[in-house]
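A.B. asks: Starting off with a structure, shown below.
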């Protein structure tokens with residue numbers, strides 16, 4: 001006697017002929033939850049916060065406050081230890097920006113306000129005259145003179161210091177004289193929240209701290225003795241990031257990374273406002289996106305990918321990854337902790353990996369391109385890649401898919417849900433999303449009702465022409481809808497309401513059989529047999 005029994009339910013592998021799929025693989029797996037081997041349903045979504053407008057990017061700043069943008073933005077939290085200002089940083093919305101608690105989240109929609117990231121250098125040198133010091137130090141000699149130069153910097157309310165001004169003219173005061181400084185220029189237009197001017201002068205070949213003065217002051221009388229000066233200046237190359245930098249990424253060693261054109265840019269460790277030009281690295285191809293694996297930066301381009309290794313930005317080196325897989329979608333890039341995954345023209349690629357195109361066993365280029373990979377938006381959650389695509393511009397549809405990159409042969413599950421705005425929250429262990437053109441943030445797989453799934457088996461080829469007269473579904477609850485196909489034609493359909501086998505039509509024979517299941521309850525197995533006794 002002949003029978004077909006399915007105990008394990010898997011996803012689709014579109015590149016493979018339906019008759020050559022593995023026993024558990026499927027032709028259709030839509031809205032299926034296939035974590036346990038059984039056929040299960042995802043729960044529907046639960047509503048979270050209602051936004052003011054429809055976002056393209058959102059970021060959970062606090063449990064009830066979401067930052068939102070109408071463009072593609074990359075957001076990171078402050079790398080500064082115990083940051084008392086609750087700062088976040090982002091690129092993609094004009095100049096790189098910084099937001100501060102109480103300012104960024106004062107009035108919805110958030111961010112309410114922001115500051116341009118980085119502190120400018122003063123554009124003019126200060127002036128000064130030598131005058132008598134009315135309170136010279138004990139033992140000061142009018143004969144002993146020294147040569148000094150001055151620079152000054154701007155400092156924000158958050159302790160962010162910028163690069164120095166042009167160097168002053170030379171002064172040669174004696175020990176009984178002081179230098180009365182003037183023309184200490186105010187900052188120009190800009191939203192940097194500068195509150196301090198910091199003055200330095202030369203001592204033993206370096207600039208050392210002299211004094212901080214309020215930003216409104218334009219003069220200072222320097223009668224500070226050398227012994228009372230402070231630490232050397234460290235901000236000489238602490239320039240603001242490029243206005244067109246994008247792709248902001250936070251590394252675990254306190255460094256922020258971004259890119260402009262074909263250059264990777266890096267910040268001073270734990271000083272996210274400071275981007276020394278000497279920390280730049282160049283690639284042969286235009287950069288599309290960045291990712292990270294621990295302290296390494298994965299650089300994804302329109303050509304080869306690269307990996308930048310190092311500890312301090314001054315010592316990072318760039319290594320080419322010898323795979324011919326460019327990145328076609330910046331928003332497809334996800335970080336798994338051990339690798340970076342992105343959409344290429346041929347499939348999903350994982351770096352590092354001995355088999356980098358993780359979808360290759362499931363899809364070849366033709367099937368992959370049908371999803372319009374340049375449109376893919378992805379997140380990584382519970383060891384699975386969740387991708388959403390829009391193929392309407394090439395005659396397709398909108399939807400999503402789920403893939404376990406560690407077990408690609410388990411197949412893909414397709415989703416009827418589409419979104420271009422996703423956020424994977426590690427604290428809640430939840431995916432948040434907003435429907436296309438919607439304003440309601442939703443929590444994936446968190447609602448009360450279950451989604452309906454559709455699962456269709458491989459095409460089973462049996463050895464003999466048979467008439468399967470009986471069908472059984474073992475499920476946690478019923479009803480479950482089924483459809484049976486023989487020689488690709490529908491021969492039976494209906495609802496099964498309990499575990500008892502149901503009688504199928506007779507009067508024909510076939511050696512090609514397929515089973516489709518629809519519902520939202522957990523199904524543990526299905527079986528076709530010639531007799532009820534076999535079941």
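A.B. asks: As an exercise, use a Förster radius of 22 Å and the Cβ-Cβ distance of residue 436 and residue 71 to find the FRET efficiency, rounded to the nearest 0.05.
C.D. replies: It comes to 0.90.
A.B. asks: In addition: What shape does region 363-444 take by its C-alpha gyration tensor, where a ≥ b ≥ c are the square roots of the eigenvalues and a/c under 1.5 counts as rounded, a/b above b/c as prolate, and the rest as oblate?
C.D. replies: Judged from the Cα gyration tensor, region 363-444 comes out oblate (a/c at least 1.5, b/c at or above a/b).
A.B. asks: Now for a separate question. Roughly speaking, what is the stretch gain from residue 236 to residue 318, that is 0.36 nm per residue apart minus the C-alpha to C-alpha distance, in nm to one decimal?
C.D. replies: Net length gain for the segment: 27.0 nm.
A.B. asks: Another question, if that's okay. Which whole-number percent is the relative contact order of region 271-416 (Cα, under 8 Å, 6+ apart)?
C.D. replies: 14
A.B. asks: Sticking with this one: Which of rounded, prolate, oblate describes region 253-303, given a ≥ b ≥ c as roots of the alpha-carbon gyration tensor eigenvalues and a/c under 1.5 marking rounded, otherwise prolate only if a/b is larger than b/c?
C.D. replies: Oblate shape, in that a/c is at least 1.5 and b/c is the bigger or equal ratio.
A.B. asks: Follow-up question, since we're still on this one. Rank these for me by crowding, 85, 9, 508, 220, going from fewest to most other beta carbons within 10 Å.
C.D. replies: Listing 85, 9, 508, 220 from fewest to most nearby Cβ atoms yields 508, 85, 220, 9.
A.B. asks: For region 298-404, just say rounded, prolate or oblate: build the C-alpha gyration tensor, square-root its eigenvalues into a ≥ b ≥ c, call rounded for a/c under 1.5, and beyond that prolate if a/b exceeds b/c, oblate if not.
C.D. replies: Cα axes put region 298-404 in the prolate bin.
A.B. asks: Which FRET efficiency, nearest 0.05, do residue 311 and residue 476 yield, Cβ-Cβ r, R0 56 Å?
C.D. replies: 0.60
A.B. asks: Once label points are set 7 Å from the Cα along Cα→Cβ at both residue 127 and residue 531, what is their separation, rounded to one decimal in nm?
C.D. replies: 11.2
A.B. asks: Of all the Cα-Cα pairs you can form in the chain, what percent are over 40 Å apart?
C.D. replies: Counting every Cα pair in the chain, those more than 40 Å apart make up 43 percent.
A.B. asks: If you count, for each residue, the other Cβ atoms within 10 Å and average over each peptide, how do 394-400, 497-503, 365-371, 453-459 line up from highest to lowest?
C.D. replies: Most protected by this proxy first, the peptides run 453-459, 365-371, 394-400, 497-503.
A.B. asks: In addition: Mind checking the full-extension length gain between residue 204 and residue 169? Use 0.36 nm per residue of separation minus the Cα-Cα distance, one decimal, nm.
C.D. replies: 10.9 nm
A.B. asks: If you don't mind, another one. Using helices alone, what [θ] at 222 nm do you get for the chain, with -39,500 (n - 2.57) per DSSP H run of 4 or more residues, divided over all residues and rounded to the nearest 500?
C.D. replies: 0 deg cm²/dmol
A.B. asks: How would you rank 225-231, 131-137, 12-18, highest first, on the average number of other Cβ atoms within 10 Å across their residues?
C.D. replies: Most protected by this proxy first, the peptides run 12-18, 131-137, 225-231.
A.B. asks: Shifting gears a bit: Test of understanding: what is the full-extension gain from residue 370 to residue 429, defined as 0.36 nm times their sequence separation minus their Cα-Cα distance?
C.D. replies: Length difference between fully extended and current span is 18.1 nm.
A.B. asks: Calculated FRET efficiency, residue 500 and residue 53, Cβ-Cβ r, R0 60 Å, to nearest 0.05?
C.D. replies: For residue 500 and residue 53, the calculated efficiency is 0.65.
Computed from the coordinates by the stated procedures, all read-outs in this text should not be read as laboratory data. On a predicted model such as this, the values are computed, not experimentally measured, just so you know. Quick reminder, even Gly has a Cβ in these numbers, built from the backbone with ideal geometry, and neighbours come from all protein chains shown.
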